[in-house]
Structures are given as structure tokens and as C-alpha cells.
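Encoded as C-alpha cells, the structure appears first; notes follow it.
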Amino acid sequence: MEERVSISISISEGVADVRLVRADKMNALDQAMFEALVAATDRLSKEKGVRVVVLSGEGRAFCAGLDMGRFAAMKETGGNGIPGGENRDLTKRTHGQANFPQQAVWGWRQLPVPVIAAVHGVAFGGGFQLSLGADMRFLSPDARMSVMEIKWGLVPDMAGTPILASLVRDDILRDLTYTGRIFSAQEAMTYGLATRICDDPRATALEVAREIAGKSPDAIRAAKRLLNNLSVDPGPALLAESVEQQKLIGSANQTEAVRSNLEKRAARYVD
């Protein structure tokens, strides 16, 4: 069987145009997509001549979040559905301060050059966290976002919490995390989660990327190092994400969250 390509990368005049290419599944995150995201950041971190990255999704959406097949497996078996292997220890640091699924997001933050996420359609759950890995987020007017993990009895565990804490007010972060509600591009702008709202976010992102690529690459890289260093050490937060998530995955209430959603019924949780 021919290996599926999950991400395409084209580089021109200093701009890396990175596209999620699983359009039939709204670019949902399955094992192959996680591996492709981690491989992409590894490649781009070493690629000479790359000055800016634009990250976008083909088809109807940026990224719909974790693949539904993983939740179906949880419903049937109570399995953990952890990217990178069903028995993967989330607390194990595989990429510096991050584990494997976190690196799919944190890797973009670690790149030495600016990253612009062009978001259209939806960015839910892991897809929303993926957009957070970028330096900037350009949203279409009809884009929708959600910290959707609570729907499945989980918490954000792909580097979302330390990045969100640097972007939004504490009470807004708690509201979005506790409720999992879907919010609009206009709300995202109000919250500090959108950099720009534009009719064609990818075209605008590529235009801005070319502008940045025309600046001194030494100064741009120095600026990103300085700005990244302004953040509090993310290590404890990344580990805390993993510890909390590992305790939740496969637990009775988490399995019930998955089953009730897939069966379209009210959940029956136990205190």
C-alpha cells in the first residue's frame, strides 16, 4: 500500500508553504498526521534558506482535531488512543521539554523563524492547539475555534495550556476550557487569539510572509529568540498537561464522555 502523504511543503523565496492535506477528514489528527507534523518541524528547523513558515489546511477546514476513529476505539475498548502508540507514557519527555503529541504543536513555537497559521473553517481541540503553535494566527471571518477536549472527558495536552496562558485572560481561558464552547473569529480577536481577520487568510499570510522574508534573517531570528524568552519556562506546564491527561485517559468518566457523545445521549458521570 502506498504511504499516505499528510503534509505538503513547498519552499520559495524564503517562505515555506506548509499544508495539511487530509481534506477528506477535515485534516483531522491521526497517527500519520502527528508523525508528519513532528517530521515537518524537524525538517524545517534544519532547512537552509527558510525565513518564514505559513501553516494552513486544504479543503473545508484548518484542522478538525483528533481523528474520530480514536474516539470510536475508546468507546469500544476504553483504550487510550494516545498518538504515537496505544501504550505510550505521556509523561516521558521525547523532545526536550515536550512529549510526542506536544511536539506536534510545540515544534512550531521552537522553529527559529516566524510561523503564521492561516485558519479557515474550524480549528477544534488539537487543531486549535496546532494553531497556537504559530507566532500569529490569521482567521477567515467565518472561522470557528474551540478548546474541545472537555467534550471527550479530557484536558488540552498538546502544549495548549502554557501558550494560552500567555495570550488570554485567566477567566477567559477557564471559560473556554471548562465549557468547550465554540467561538467565532470575532470572539477570537477579542480574546487575543486572532492576529488578523481576513477574507483569504492563506493569501494574506503568504503576502505577510514574503514581507518578513525580505527583512534581515539574522534580525528576525534574533527577534523570535527574544520574544520566546519572554515566556515563563513552559517545562512544568507541559509536564503537568501530560500527568493530568494520563490520569484521565481510559478512566470511567472519560470513557463515558466518549460513549455518550458518540451515542448522542446525556452522559451519566460518577462523582
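Per-structure values
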item: Tensor-based shape of region 194-239 (alpha-carbon gyration tensor, a/c under 1.5 rounded, otherwise prolate or oblate); result: oblate
item: Among Pro236, Ala205, Thr255 - extreme Cα towards positive end, dipole of region 197-271, charges at beta-carbon; result: Thr255
item: Between helix 170-179 and the chain: long-axis angle, C-alpha atoms, 0 to 90°, nearest 10; result: 50 degrees
item: Given charges at beta-carbon only (K, R positive; D, E negative), |dipole| of the chain in Debye; result: 140 debye
item: Listed values [x] 19.5, 57; [y] 17.9, 58; [z] 20.4, 75, entry calculated as Rg and Dmax of the Cα atoms in Å; result: [y]
item: Selected from Ala223, Phe62, Asn27, residue furthest toward positive end of dipole (the chain; charges at beta carbon); result: Ala223
item: Where labels lie 7 Å past Cα in the beta-carbon direction, separation of Ala219 and Asn253 in nm; result: 5.3 nm
item: Dipole axis of the chain (+1 Lys, Arg; -1 Asp, Glu on Cβ), positive-most option in Ser10, Ile150, Phe128; result: Ser10
item: Sorted peptide list for 34-41, 112-119, criterion being average Cβ within 10 angstrom, highest first; result: 112-119, 34-41
item: Within straight-line cross-link reach of Lys151, lysines at Cα separation under 22 Å, skipping those fewer than 8 residues along the same chain; result: Lys25, Lys75, Lys247, Lys264
item: Range of Cα positions in region 161-271 per principal axis (Å), largest first; result: 57, 36, 24
item: Semi-axis lengths, Å, region 167-213, gyration tensor of Cα atoms, sqrt of 5 times eigenvalues; result: 27, 12, 8
item: Region 1-64, dipole about Cα centre (Lys/Arg Cβ +1, Asp/Glu Cβ -1), debye to the nearest 20; result: 180 debye
item: Degrees, to the nearest 10: 31-46 long Cα axis against longest axis of the chain; result: 30 degrees
item: Paramagnetic reach from Ser45 in region 121-135 [backbone N under 20 Å; point 7 Å along Cα→Cβ]; result: 129-135
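Computed from the coordinates by the stated procedures, all read-outs in this text should not be read as laboratory data. Quick caveat, the model's predicted, so the values are computed rather than measured. Cβ: placed from backbone, ideal geometry, glycine included. Neighbour counts: every protein chain shown.
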